[in-house]
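Here, each number is a calculation from the coordinates, and none is a lab measurement. Because the structure is a prediction, the values reported are computed rather than measured. A quick note on method: Cβ atoms are made from the backbone with ideal geometry, for glycine too, and the neighbour counts reach across all protein chains shown.
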Amino acid sequence: MIELDRVTKTYGNKTAVRDLSLRLEPGELFAFLGPNGAGKTTTIKMICGLLFPTTGSVRVGGFDVRREGGKARQLLSYVPDQPYLYEKLTGREFLQFIADMYGLSAPYAAARLAEVVELFRLEDFVDDLTERYSHGMRQRTVFAAALLHDPRVLVVDEPTVGLDPRSVRLLKDILRRLSEAGTTVFLSTHSLDVAQELAQRIGIVDHGRLIGCGTLDSLRLQADLSGSLEEVFLRLTEEEAPASAL
Amino acid sequence: MSVPPVGQFRLFLRLRVRQMRNTGRALLDQSAVRLVAILAASLTVWLFVYVVSHSGFSWIKGYPQYVPAFGGIIGLLFDFMFVALGMMLVFSTALILYSSLFTSSEAWFLLATPARDDQIFSYKALGALGFSSWGFLLLGSPVLLAYGVVYGVSWAFFALLPFFFVGFILLPGCLGALACLLVVNFVPKRGKQLALAAGLLVVVGSAAWVYRAAAAARVQPESREVVNQFLGRLDVSQGILVPTHWMTRGLQTAGQGYLLGGPRGTSGALYYLALVWSNGLAFYLLTTWLARRLYRRGFNRLATGGTLRRRYGGARLDRALSALLGFLDPQTRLLILKDFRTFRRDPAQWAQVLIFTGLLALYFGNIRRLFLSDIDYAYQNSISLLNVMTTGLLLCIYTGRFIYPMLSLEGRKFWILGLLPLERERLLWGKFAFSATGGLLISVALVLLSDLMLGMPWLAVALHVLTVMVLAVGLSGLSVGLGACMPTFKETDPSKIAAGFGGTLNLVVGLFFLIVVVGLMSVPWHGHAAMTGGYEVVGAGAMSGLGVTSLVGVGAGAAATWLPLKAGAEALRRMEF
């Protein structure tokens, strides 16, 4: 569903992502981890067609993101770490805009809108202007918008930051259910416990290079450790740092 | 299930309408005062321009023998106006589009949806056009209406005026949009330098053009041949292929009532209207067609054209400013330097100041060439006063747009400044010193240029310089003080803070202060000169009267500086974050 083939991305003379190859299957929940500045957000932006690879290619649902970006973006939803909402629209008007943008028919859009409002418990504030929303309310509204059109690929950047424990629980349940229903979820996070709990596979990127990718057990083998994901992550990124400095 | 382009266009249109409707409702529900203040300020400016234009046209109509190039003066004025307003539209659309297409979070959001690139571009471009054409409407419409009223033109002029306006906005707006797209795509790393070079080119080109036109305008208007030669020299603005001239010709023929065709087989107003619209729409299509190919490409280039972490170092300008402020204590100096760095690293901010100051300098530098040989000292007297007012107005805009939002913009990082071992009010003094220094440099230079070019006597020069100094200091105190009394910490966009209730109130109070100070410090001398018919101040009474009104003006300036700053410092001390 998501294919990155030998992708490299440079910013001027700096390389943000280096020769990254990755293939995600339908229904897979993939966690993408890495220290700050490792290249996670650049990778996500290339998957969404916001940035183009310097070399290599990115495909979503079989569509090349650069050449057939419109078709690729029709299949995916992206929830950034700092989501955007139109301040002068109500939550409901924003959701309706998204439904129209994805070309949902009026009756289907109305039904889906009611579903997501209930799912994310937006009833109390969905008719207020979004400029009055708290961070948690904004995040829930953005997730509702992202799921409105039943995307086949969901790309999420740091979804749990600023959410209360109940909202985090809700979010984790929803991501798990989406994956079970066949949606591919690409989750970039610093919350290693969330990644450990949800992900079927985990990729670790450091200095733009994918230094580990697989199940938690395979990563443990690679790191020669039997501990938690946190210990594995620290070991692998620790090993990578001096090598990349050479 | 992708949405066709027409559907997307309607979708974006609906989005815009909903946003405007909700904004209007929120304004009415939460701050009707703000809405009234905005409307009142706009109406005041509109009426002011109308009254000045009405007097000007009446004078031209009443005394044609004093007017250079008599018969062609109206067309010439219209050409000047449309060229100037067109330039303003090109630059403002390009600047607004640059930030809304390439740096706004809305652009990041929309580009990740299935919205087509040309549709996003079109939505943003039309928004930028609407935003930047407010100035065009506010300044252009009263001039043209005054012309229509004074000359008693045909109904067709008034009926077609809105259509000419809207049609004309498309062309310079699209030119600005096109420039923005091309710069981002082909010189993403040198955009700032290119914008500066383009600005300089426009200023130098305009100066050369005005110089040529002025040289021609100073000839004796009695000879028909000379007049034709004069009009011929203005070929840049009057060429058959120049859109600004289509506007002029179209409105003039509409004023004469020629809709379909004029006398001796010349074209009618509708022909020029069709020219303006067809070219505007064709240019719009070309720009959106290019945007489909270049927008996302440019977005990618701009995002990745530089290095991951751009290195900013100390600049010579910072060191020069630091040396200039050597008399201040180190903490205040550091705060001023921080504000200066923020300001100079945001081209959208300083470019506006630069363009306005450059245009004023251009006008002041050439005014003598245009008028002095033909018009007696009474006119020179009023022009110099008008220039002081204009400089004051520039100061009002500068402090209202850039200085007033400065304290609100500290809101989200107040935990840094709030925890520093310094008194909170020092923040205010730092911003005040920054604003006053910039304001003094700009305004004194402009007024000196204007007065020297007009050859004003030393007493008038001294009074004018003192007036703008009081204005620069007083308006800085007002903006910084009121900014601290009515902060908007949630907002991060300075233009929105300036357009908010506090910003609008600041602008209205600033305009009132401008009228009071100019009225006390400059108007008495000009009034005396107009009444006595000379520049000599006759009698000890008159001289002491001038001294008293100037002192009262300085006192008003001191009050406008001290009182808001004191209130702001008090508000800042009590503020919780």
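Points worth noting:
- Relative contact order (%) - criterion: Cα under 8 Å, at least six apart; region: chain A: 26
- Over the protein assembly as shown: Rg over Rh, Cα atoms, Kirkwood Rh: 1.02
- Amide H contacts for A:GLY212 (H built 1.01 Å from N in the peptide plane; partners 5 or more residues away or on another chain; cut-off under 5 Å): A:ILE204.
- Estimated FRET transfer efficiency when R0 is 35 angstrom, pair B:VAL516-B:SER104 (beta carbons, to 0.05): 0.35
- Label-point separation in nm, B:TRP134 to A:ARG177, each point 7 Å along Cα→Cβ: 4.5
- Averaged over peptide B:109-119, the number of partner chain Cβ atoms lying within 10 Å of each residue's Cβ comes to 6.
- Per-residue packing, averaged as other Cβ atoms within 10 Å, sorts the ranges B:518-524, B:541-547, B:273-279 into the order B:518-524, B:273-279, B:541-547, beginning with the highest.
- Segments A:71-77, A:224-230 sorted - mean Cβ within 10 Å per residue, highest first: A:71-77, A:224-230
- Per-pair calculated FRET efficiency, R0 = 60 Å: B:ALA542 and A:ARG132 via Cβ, rounded to 0.05: 0.50
- ³J(HN,Hα), Karplus 6.51/-1.76/1.60, whole Hz, each residue of segment B:83-96, x for Gly, Pro: 5, 5, 5, x, 4, 4, 5, 4, 5, 5, 5, 4, 5, 5
- Relative contact order for segment B:445-577, counting Cα pairs under 8 Å that sit 6 or more residues apart, in percent: 41
- Those lysines that a straight Cα-Cα span of less than 20 Å connects to A:LYS88, excepting residues fewer than 8 apart in one chain: B:LYS124, B:LYS490, B:LYS496
- Ranking B:ALA40, A:LEU4, B:LEU13 by how far each Cα lies toward the positive end of the dipole of the protein assembly as shown (charges on Cβ) leaves A:LEU4 at the top.
- Proxy reagent accessibility, fewest Cβ within 10 Å first, across B:THR504, A:THR90: A:THR90, B:THR504
- In this simple spin-label model, placing a label point 7 Å from the Cα along the Cα-to-Cβ direction at both A:ARG121 and A:ALA106 gives a separation of 3.4 nm.
- Shown is the FRET efficiency for B:TRP289 and B:LYS61, computed with R0 = 45 Å from the Cβ-Cβ distance and rounded to the nearest 0.05: 0.45.
- Averaged over A:83-95, number of beta-carbon atoms from partner chains that fall within 10 Å: 4
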